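**Q** I am attaching a structure below and will ask some questions about it afterwards.
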Ligand code: SF4
Ligand code: SF4
């Protein structure tokens, strides 16, 4: 049986199909202006890769910011529960998760069953999120994928005392004009974001194992800084960006099985 | 589950905390809160619990004045309404 999970984030749209407890296919695209169309695009890309139509998918669930706008999903779950379930599937020993998404950051504790025991999110400003890093990349004339690596080439952190997107942007522009190397600017910004994440994590229980999920977990410069602040080596999934969609597909399987068991035998 | 809704910003920590292990879903906080901060709905594991509305979580410090100022003006607050002691504030 196949189960589909769709994660419509603020920046990225992700999908996963699982079969026999394996990932059968996954897809990552951009969230467009219309969530419904975006979700259909993710679905259709995965079905095309599988060479199947929707009738083969037993149950579908959605998560993420746009989770209520996925018309073909039977149910939806919060990103927090979905990331916890996905992370637990990869690493049953994970107890602490930092989810770094397009527009917010979350710290989550998860138990040995993959259930959330504590969570905290920083729900207000863009500082330290994917959108913020995109903005900084464009100010510096770099590709988003390259800023993490560039930050690692820094000889000297430029200290930023703000990750407020507006202030950090203008500070980055004036530093560039003064000839400060891009790598130092980026190292400073990554450092400031890592401090912010650490402060968020301190409000939950920082326990081993620790993982980072979301698109920013692919940024090696960021992972290195967070590791430094926490003094803890994160375990990282092959693609941390699909964690929410994976979790949603696992929820789809669980909910479907529960319904089957609850239904009277015919 | 200890659910923390809100944010920290330059001026402080603004979180409303619901301990869903203590919460029985009675909904007394929903009617008590003058700012309509809470709702009761099933969580992702099927338990009916109080939660801070999604529309409120991103602006809690503007919707809720903080526990002390609220309790000075309101007879029954979310804390006093809740018999289970499931709700707390960081400010
Ligand atoms: S302190 Fe007052 S305004 Fe704030 S959530 Fe509780 S009842 Fe509502
Ligand atoms: S009053 Fe307390 S127990 Fe009742 S729904 Fe609200 S938080 Fe839960």
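The values are calculated or read from the model by the stated rules, or taken from the named source; none is laboratory data. This is a predicted model, so every value here is computed, not measured. Note that we place each Cβ from the backbone using ideal geometry, even for glycine, and neighbour counts take in every protein chain shown.
**Q** Would you pick out the residues in segment B:46-75 that are touching a helix residue (DSSP H, G or I) at 6+ places or on another chain (Cβ under 6 Å), more than 8 Å from ligand 1 (Cβ to nearest atom) and not in a strand (DSSP E or B)?
**A** Answer for segment B:46-75, where residues must be touching a helix residue (DSSP H, G or I) at 6+ places or on another chain (Cβ under 6 Å), more than 8 Å from ligand 1 (Cβ to nearest atom) and not in a strand (DSSP E or B): just B:56.
**Q** Restricting attention to segment A:117-130, which residues are more than 11 Å from chain B (Cβ to nearest Cβ) and either at pLDDT 80 or above or assigned to a loop (DSSP other than H, G, I, E, B) (or both)?
**A** Residues satisfying the conditions are A:126, A:128, A:129.
**Q** Consider residue B:64 carefully, then state whether it is over 30 Å from residue A:254 (Cβ atoms), within 14 Å of chain A (Cβ to nearest Cβ), within 11 Å of the chain's Cα centre (by Cα) and more than 8 Å from ligand 2 (Cβ to nearest atom).
**A** Answer is yes for this residue.
**Q** Quick one: would you say residue B:27 is in contact with a strand residue (DSSP E or B) (Cβ under 6 Å, 6 or more places away or on another chain) and either surrounded by fewer than 16 Cβ atoms within 10 Å (Cβ to Cβ) or modelled with pLDDT under 95 (or both)?
**A** Considered against the rule, which asks whether it is in contact with a strand residue (DSSP E or B) (Cβ under 6 Å, 6 or more places away or on another chain) and either surrounded by fewer than 16 Cβ atoms within 10 Å (Cβ to Cβ) or modelled with pLDDT under 95 (or both), residue B:27 comes out as yes.
**Q** So is residue A:66 within 14 Å of another protein chain (Cβ to nearest Cβ) and modelled with pLDDT under 95 or not?
**A** Criteria met by residue A:66.
**Q** Okay, next question. Please go through segment B:4-45 and give me each residue that is within 12 Å of chain A (Cβ to nearest Cβ), assigned to a loop (DSSP other than H, G, I, E, B) and in contact with a helix residue (DSSP H, G or I) (Cβ under 9 Å, 6 or more places away or on another chain), ordered by number.
**A** B:11, B:43, B:44, B:45
**Q** Let me ask something else. Is it the case that some residue within segment B:79-87 is closer than 11 Å to residue B:5 by Cβ, within 14 Å of chain A (Cβ to nearest Cβ) and either more than 10 Å from ligand 2 (Cβ to nearest atom) or surrounded by 16 or more Cβ atoms within 10 Å (Cβ to Cβ) (or both)?
**A** No, segment B:79-87 contains no residue that is closer than 11 Å to residue B:5 by Cβ, within 14 Å of chain A (Cβ to nearest Cβ) and either more than 10 Å from ligand 2 (Cβ to nearest atom) or surrounded by 16 or more Cβ atoms within 10 Å (Cβ to Cβ) (or both).
**Q** Test residue A:97 against the criterion of being crowded, with 21+ Cβ neighbours inside 10 Å, modelled with pLDDT of 80 or more and in a strand (DSSP E or B), and give yes or no.
**A** Against the criterion (crowded, with 21+ Cβ neighbours inside 10 Å, modelled with pLDDT of 80 or more and in a strand (DSSP E or B)), residue A:97 qualifies.
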